[in-house]
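The values are calculated or read from the model by the stated rules, or taken from the named source; none is laboratory data. Every value quoted in this text rests on a predicted model; they were computed, and no experiment measured them. Cβ placement follows ideal geometry from the backbone for every residue including glycine, while neighbour counts extend to all protein chains displayed. Quick note on the areas: whole protein, heavy atoms, side chains included, nothing else; ligands and nucleic acids left out. Shrake-Rupley method; radii C 1.70, N 1.55, O 1.52, S 1.80 Å.
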Amino acid sequence: MYFGANLNWKPVPGTKLTAFVDRSLVETTLPGASGYVDDTVGMHVERPITPDLLANAGIAYSINDYVGLDRKDRVTDAGFGIKYYISPTVYLGADYRMLNRDSTSLDGNYFRDMVMFSVGTQPKIENGA
């Protein structure tokens, strides 16, 4: 069975909390596997610091069960960042992300730290929105 759900909550004006769960079938190029079933649960929060500065953080945990192989991966994805709005819809961003995969296959393990900078467009969260 494949499904997904998002729950959005605004506990105080300006703060947005999103919790999610997802189960899907994903293609792979791994020899011997026709794909894997991905079960993911996580959450993300956004909160304004000042009228033009938005902070965010999130974490997700996935279990990937490969079809046709005796392999299971556990993936942790966590990060945080900021967006500085130079106009009501254009921002400059900086993010840190940590990605860790713990696999039953010895050559499938890895740990990755990433720092990203971005320019983007998205309406900012307004107080009371």
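Got a number for carbon plus sulfur as a percent of the chain's accessible area, 1.4 Å probe? Show your work: numbers first, answer last.
Working: 5010 of 8250 Å².
About 61 percent, which is the carbon plus sulfur part of the accessible surface.
Spin-label model, Leu99/Asp22: points 7 Å from Cα along the beta carbon direction are separated by 1.3 nm.
Each peptide among 9-15, 43-49 gets the average number of other Cβ atoms lying within 10 Å of its residues, and from highest to lowest they stand as 43-49, 9-15.
Leaving out ligands and nucleic acids, note down the accessible area per residue over the chain with a 1.4 angstrom probe, in whole Å². Before the final figure, lay out the partial values.
Working: 8250 Å² over 129 residues.
Result: 64 Å² per residue.
Would you mind calculating the relative contact order of the chain from Cα pairs under 8 angstrom and at least 6 residues apart, reporting the percent as a whole number? Result for the chain is 18 percent.
Compute the Kirkwood hydrodynamic radius of the chain, taking the inverse of the mean of 1/r over all pairs of distinct Cα atoms, and give it in Å to one decimal. Over the chain, the inverse of the mean reciprocal pair distance is 16.6 Å.
What number comes out for the charge environment of Asn6, summing +1 per Lys or Arg and -1 per Asp or Glu over other residues with Cβ under 13 Å away?
Counting the neighbours of Asn6, the net charge comes to 0.
Evaluated over the chain, the count of Lys pairs having alpha-carbon atoms less than 15 Å apart is 4 (only pairs 8 or more residues apart or interchain).
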